Amino acid sequence: MKAVKSVYINRTSRVFEISRVQRGWDCVKNSILLDKSEENLEAANLLAKKKLYNAATNRIYYSIYQKIIYILDKDKINHKKAGFGSHRKSIEKLISTRKHLDDQTTLLEVWYVKTARRRCDYLLQSIDGKDYADIKPKAAIINEVLDKYI
């Protein structure tokens, strides 16, 4: 097999060497998803401090969703990547492929966060401080479970 030049990618002040032959472009995409997840979680915290709870809820949900996509891709689990219902199907796929019942139960809380995200993005309702106080600890527990699979 012919060697291919390595690609250098600057990712959050860290530089990684990725060989297209050895690891493929999926590795690059997945690493970027984790960085986006971290960035979105940080953004959620900053937005909540400014009492921008709708935006914080949106960012905290996407932080979780990006980890879900990362895990499914890493584990080579086929899932719908885009289009109508892609989030629902990806979340269902992740929950159904986890072996520990405790993890499955915790991951069911993703639906709560997803519903809150839908409410703040699309409905004529807002997330207030009390709502966000319910969302944030659920998201933290979800993230703990997801981090076990990264």
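Peptides 61-68, 81-88, 103-110 ranked from most to least packed give 61-68, 103-110, 81-88, packing being the mean of other C-beta atoms within 10 angstrom over each peptide's residues. Got the relative contact order for the stretch 37-148 handy, in percent, Cα pairs under 8 Å and 6 or more residues apart? Averaging sequence separation for qualifying contacts and normalising by length gives 31 percent for the stretch 37-148. Taking a cut-off of 19 Å between Cα atoms, list the lysines near LYS114, but don't count ones fewer than 8 places away on the same chain. Straight-distance partners of LYS114: LYS36, LYS67, LYS80, LYS81, LYS89, LYS93, LYS130, LYS136, LYS138.
Which order do the peptides 120-130, 37-47 come out in when sorted by mean C-beta neighbours inside 10 angstrom, highest first? Can you show the working numbers first?
Details: 120-130: 11.7, 37-47: 17.5.
Ranking, from highest mean packing down: 37-47, 120-130.
For a protection proxy built on the mean count of beta-carbon atoms within 10 angstrom, sort 89-96, 137-144 highest first, please.
Result, highest mean first: 89-96, 137-144.
Taking 0.36 nm per residue of sequence separation and removing the Cα-Cα distance, the HIS79/LEU123 pair yields an extension gain of 13.1 nm.
Any read-out appearing in this document is the output of simple, stated calculations on the displayed coordinates, not a laboratory observation. The structure displayed is predicted, hence computed values, not measured ones. Glycine gets a Cβ as well: all are built from the backbone with ideal geometry, and neighbour counts include every protein chain shown.
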